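The values are calculated or read from the model by the stated rules, or taken from the named source; none is laboratory data. Treat the numbers as computed from the prediction; the structure is a model and nothing was measured. As a convention, Cβ positions derive from the backbone with ideal geometry for all residues, glycine included, and neighbour counts pool all protein chains shown.
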Amino acid sequence: MKIAILGGGESGTGAALLAKHLGHEVFLSDGGSLKENYKAELLDKGIPYEEGKHTWTSIFEADEIIKSPGIPDDLPPLLDFRRQGKQVISEIEFAGRHTAATIIGITGSNGKTTTTRLTYHLLKTGGLNAAIGGNVGLSFARNIIENKYDHYVLELSSFQLDGIVTFRPHIAILLNITPDHLDRYEYKMENYVRSKFRIAMNQQPEDLLITNADDREIQDYLNVNQLAPRRIEISTHFSDKKIRWVGGSNPLIGRWEGTFDMTNSRLKGPHNFFNASCAIHAAKAVGVSDEAIQEGLNTFVNDPHRLEFVAEINGVEYINDSKATNVDSVFYALQAMEKPVVWIAGGTDKGNDYSPIEDLVRQKVKALICLGVDNEKLMGVFSPILKNIEEARSAKEAVERATIYAKSGDVMLLSPACASFDLFKNYMDRGDQFKAAVFEMMNVKC
């Protein structure tokens, strides 16, 4: 079988390596530049490739195209390829055809990475033979070349789900659906919602779908669409730091009752308790013990730049949430704060509507440091709410200005609500510079 791979990132390279491993004739094409490590892997396996262009005559010789998520589905040559009766699929679909392992698939507009990493951590803590992949870590295809794992925990984007045909997660988690990437969905929310629900389209009655009981888009869809799998709905409302679930059952362990304590977990706030609850249910469904789950909750460390604890200096807690590049993410960050907040925000505004966080800012923020080239919009929205607003043009200056207002018992929170490209390479660079400024100050104070 001839397979053409479009896109040579981790997803495309992983698919090419798996296709070659399975004995297919493979050709990889990338319209941009390939990373040197990916080129080396392709050369080592004798996989022909091109970069900087797409030679469609060569691509159309394939029996099937595996497309990277970033390439739009409505690209005219891809439409022509489909008219020939041939399939254009995602790497997730391709890899899923070649494993009999248990698959836990996780999608949603927010919280996917945290929930995926936590679910994987709980399975590993419970002694299960598990791998993590999809949109985090290694690609699913690369993970199954040796096919040595019993469980795969996959973060799945809507773009990846758009390219599935038979892909079936035994456990699917749909965290939430808020407007995102609508330019890929004809600016119609209903199209985006349908895309997210593709995670459950091939599930069977013995499979499990875990959903958000309080998400309007999810509930509206479920009210008019019948789905095959068993369902568990989880509320996002938590009155304390306990996660409880009573009277549940699954084929592996029967009925169970569980209470898990989040006091010692690094995950903060109701949104993260909800993410943890989803991960707990998935872990219980594959037989992880309560003791292992509690240990996993206590030892889990999230990715950098996501409500990342940096340091505590003179009673002030410093938190790096540079990954919060939209208002929705900042809402969750502020909601999680239990101390007065000195808030560092700003950057490249993406047409933000700040009204959803105005009440939280009134309740929790004592000062705002606007970190950006153009802070006019931020200052215009929040100056009627906050007395203390200043501007900064670097992470170091932002920390210095914020220190004026931060007292013992406060939190200094970098949670920008904006993209980073006005002053930084990316959100990681922004977060790293924030941490460096905090550590520099710590050394000076020490």
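So, residue 312, is that one at pLDDT 90 or above, in the same structural domain as residue 410 (by TED's automatic domain parsing) and acidic (Asp, Glu) or not?
yes
Working carefully through the options 396, 387, 366, 323, find the one that is of a type in the set (D, E, K, R) and closer than 21 Å to residue 443 by Cβ.
Values: 387 fails: closer than 21 Å to residue 443 by Cβ; 366 fails: closer than 21 Å to residue 443 by Cβ; 323 fails: closer than 21 Å to residue 443 by Cβ.
So the residue among 396, 387, 366, 323 that is of a type in the set (D, E, K, R) and closer than 21 Å to residue 443 by Cβ is 396.
Name the single residue, out of those in segment 324-352 being touching a Phe, Trp or Tyr at 6+ places or on another chain (Cβ under 7 Å) and surrounded by fewer than 24 Cβ atoms within 10 Å (Cβ to Cβ), that is farthest from residue 304 (Cα to Cα).
Of all residues in segment 324-352, those touching a Phe, Trp or Tyr at 6+ places or on another chain (Cβ under 7 Å) come to 325, 327, 342, 348.
Checking the rest, the ones that are also surrounded by fewer than 24 Cβ atoms within 10 Å (Cβ to Cβ) come to 325, 327, 348.
On the way: 325: 14, 327: 19, 348: 21 Å.
For segment 324-352, the residue satisfying everything is 348.
How many residues does segment 43-59 contain that are over 18 Å from residue 15 (Cβ atoms) and either touching a residue at least 12 places away in the same chain (Cβ under 8 Å) or surrounded by 15 or more Cβ atoms within 10 Å (Cβ to Cβ) (or both)? Break it down into steps so the answer makes sense when it comes.
First, the residues of segment 43-59 that are over 18 Å from residue 15 (Cβ atoms): 52-53, 55-57.
Restricting the remaining residues to those that are either touching a residue at least 12 places away in the same chain (Cβ under 8 Å) or surrounded by 15 or more Cβ atoms within 10 Å (Cβ to Cβ) (or both) gives 52-53, 55-56.
Matching residues across segment 43-59 total 4.
Would you mind stating whether residue 106 is of a type outside the set (Lys, Arg), closer than 20 Å to residue 166 by Cα and modelled with pLDDT of 95 or more?
yes
For segment 145-161, which residues satisfy the criterion of being surrounded by fewer than 23 Cβ atoms within 10 Å (Cβ to Cβ) and among the aliphatic types (A, V, I, L, M)?
Residue satisfying the conditions is 145 alone.
Can we say residue 164 is surrounded by fewer than 23 Cβ atoms within 10 Å (Cβ to Cβ), at pLDDT 95 or above and over 18 Å from residue 9 (Cβ atoms)?
Against the criterion (surrounded by fewer than 23 Cβ atoms within 10 Å (Cβ to Cβ), at pLDDT 95 or above and over 18 Å from residue 9 (Cβ atoms)), residue 164 qualifies.
What residue, among those in segment 253-278 that are out of contact with any Leu (no Cβ under 8 Å at 6 or more places or on another chain) and surrounded by 11 or more Cβ atoms within 10 Å (Cβ to Cβ), is modelled with the lowest pLDDT?
Applying the filter and picking the extreme gives 253.
Of all residues in segment 1-57, which are part of a helix (DSSP H, G or I), in contact with a Pro (Cβ under 9 Å, 6 or more places away or on another chain) and under 24 Å from residue 81 (Cα atoms)?
11, 56
So is residue 380 exposed (fewer than 14 other Cβ atoms within 10 Å of the Cβ), not in a helix (DSSP H, G or I) and not hydrophobic (A, V, I, L, M, F, W, C) or not?
Here the answer is no, as residue 380 does not meet what is asked.
What are the pairs with Cβ atoms under 7 angstrom where one residue, in segment 146-170, is within 28 Å of residue 72 (Cα to Cα) and the other, located anywhere, is of a type in the set (S, T, N, Q) and at pLDDT below 95? Sequence gap at least six, or different chains.
Note: pairs meeting the criteria are 155/113; 155/135; 156/135; 157/135; 160/135.
In segment 68-121, which residue that is part of a strand (DSSP E or B) and not hydrophobic (A, V, I, L, M, F, W, C) is surrounded by the fewest Cβ atoms within 10 Å (Cβ to Cβ)?
Of segment 68-121, the ones part of a strand (DSSP E or B) are 87-90, 102-107.
Of the ones still in play, those that are also not hydrophobic (A, V, I, L, M, F, W, C) are 87, 90, 102, 105, 107.
Details: 87: 13, 90: 27, 102: 18, 105: 30, 107: 30.
Checked segment 68-121; the qualifying residue surrounded by the fewest Cβ atoms within 10 Å (Cβ to Cβ) is 87.
From the list 336, 402, pick out the single residue that is at pLDDT below 95 and among the aliphatic types (A, V, I, L, M). I'd like the intermediate steps shown before the answer.
Numbers: 402 fails: at pLDDT below 95.
336 is the lone residue from the list that is at pLDDT below 95 and among the aliphatic types (A, V, I, L, M).
Quick one: which helices (runs of 4 or more DSSP H) sit completely within segment 277-371 and have at least 3 residues that are of a type in the set (S, T, N, Q)?
290-299
Out of 344, 369, 357, which single residue is over 23 Å from the mean Cα position of the chain (by Cα) and either modelled with pLDDT of 95 or more or under 23 Å from residue 312 (Cα atoms) (or both)?
369
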